[in-house]
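The values are calculated or read from the model by the stated rules, or taken from the named source; none is laboratory data. Source: prediction; values computed, not measured. Each accessible area value is taken on the protein alone, full model and side chains, heavy atoms only, with ligands, DNA and RNA left out. Shrake-Rupley method; radii C 1.70, N 1.55, O 1.52, S 1.80 Å.
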Amino acid sequence: MSYWRAAGLNYVNYSNIAAKVVRRVLKPELQANASKRDETHVKFTPWVKGKPSKPGQ
């Protein structure tokens, strides 16, 4: 078992933490460009009977 699974994380959580650590240790001139990628937006679509449905249905 991977240590990130043993810690109760999924791969997305683990990779987000790793990315933040890498951005923090970059040289200052590279941090500005990397900080633009710090925030991400994820949209989840629920599926019902093999078709996407609107949330709350």
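A few remarks follow.
- A straight Cα-to-Cα reach below 25 Å connects Lys54 with the lysines Lys43, residues fewer than 8 places away in its own chain not being considered.
- At the residue level, Val22 shows approximately 80 square angstrom of accessible surface with a 1.4 angstrom probe and all protein chains present.
- Rounded tilt (10° steps) of 11-25 against the dominant C-alpha axis of the chain: 20 degrees
- Annotation: lysines with alpha-carbon distance below 17 angstrom to Lys20 (same-chain offsets under eight excluded): Lys36.
- Counting every pair of alpha carbons in the chain, the share spaced more than 18 Å apart comes to 58 percent.
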